[in-house]
1. Picking from 26, 52, 13, whose Cα lies most toward the positive end of the charge dipole for the chain (charges on Cβ: Lys, Arg +1; Asp, Glu -1)?
2. In terms of solvent-accessible area of protein heavy atoms at a 1.4 angstrom probe, what is the ranking of 33, 17, highest value first?
3. Which net charge results for the neighbourhood of residue 47, defined as the other residues with beta-carbon distances under 10 angstrom from its beta-carbon, given Lys and Arg at +1 and Asp and Glu at -1?
4. Are there any helices in the chain, counted as whole DSSP H runs, that stretch 20 Å or more along their axis by Cα and score at least 1.0 on average by Kyte-Doolittle, and if so which?
5. Of the labelled options (1) 1.68; (2) 0.96; (3) 1.23, which one gives Cα Rg over 2.2 N^0.38 Å as computed for this structure?
6. Report the relative contact order of the chain, percent, no decimals, based on alpha-carbon pairs under 8 angstrom and at least 6 residues apart.
7. How big is the charge dipole of the chain about its Cα centre, in debye rounded to the nearest 20, if each Lys and Arg gets +1 on its Cβ and each Asp and Glu gets -1 on its Cβ?
Amino acid sequence: MELRHLKTFAAAAERESFTRAAEMLNLTQAAVSQQIAALEKELGTQLFERRGRGVCLTAAGRQLYDY
């Protein structure tokens with residue numbers, strides 16, 4: 001697990017948006033999506049529910065964020 005993936009995850013969770021997280025971290029939206037996908041694959045669970053232009057945490061995502 002890479003620290004940058006966790007930082008990206010936290011930014012997306014706090015902003016409820018991959019796009020706004022990307023802007024804050026000076027990354028592309030695609031880079032944020034790739035990092036989140038890598039983290040989800042490593043953990044074997046979905047961390048976000050994608051809803052139109054925004055995202056919200058799943059139960060597993062909330063557990064990780066709270067931890």
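The values are calculated or read from the model by the stated rules, or taken from the named source; none is laboratory data. Since the model is a prediction, treat every value here as computed from it, not as a measurement. A quick note on method: Cβ atoms are made from the backbone with ideal geometry, for glycine too, and the neighbour counts reach across all protein chains shown. Keep in mind that these areas ignore ligands, DNA and RNA; they rest on the heavy atoms of the full protein, side chains included. Shrake-Rupley method; radii C 1.70, N 1.55, O 1.52, S 1.80 Å.
1. 52
2. Listed by decreasing accessible area, they come as 33, 17.
3. -1
4. Membrane-span-like by this rule: not one helix.
5. Read-out taken from this structure: (2).
6. 30 percent
7. Dipole size: approximately 180 debye.
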